[in-house]
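Take a look at the structure below.
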């Protein structure tokens, strides 16, 4: 009787790995993968960011969109991806929404008077591919630790 077929799936963007074969083969491949990636950086979990409230380092607490735009120096001169990332940061870190949609980001652009990039959804997908955003369901996004650091750097400049 043949060994039962087992499988494992991997997507490097989402840190997944797929192998199909006998249970022994799959276990062997999982072991080999673990040996190859022992020092791989885990995706950053932003839910426990020490300074999510942005009140530290001599900065006043930012609560509304106008204060955020001013404090973080968000202008039309910034690249479209940075402007988008900034508004996802505002919605998920300052307003403490669990996640946000492209429509909510568009609303931030409209309310702030900052120019919205023409290809917002495509740029959000690009930010996800680069590890600055993560998806939180269909067309819902959250900022990653890497993305948060980029936006916090704007305030320091």
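Using all pairs of distinct alpha-carbon atoms, the Kirkwood hydrodynamic radius of region 72-152 works out to 12.2 angstrom.
Distance between the 7 Å Cα→Cβ label points at residue 73 and residue 122: 2.9 nm.
Under the 0.36 nm per residue contour assumption, what length would be gained going from the current alpha-carbon distance of residue 130 and residue 28 to full extension?
Numbers: separation 102, 0.36 × 102 = 36.72 nm, distance 3.06 nm.
Separation in residues times 0.36 nm, less the Cα-Cα distance, equals 33.7 nm.
Each of residue 111 and residue 153 was given a label point 7 Å from its Cα along the Cα-to-Cβ line. The distance between the two points is 2.7 nm.
Where a number appears in this text, it was derived from the coordinates with a stated rule and is not lab data. On a predicted model such as this, the values are computed, not experimentally measured, just so you know. As a convention, Cβ positions derive from the backbone with ideal geometry for all residues, glycine included, and neighbour counts pool all protein chains shown.
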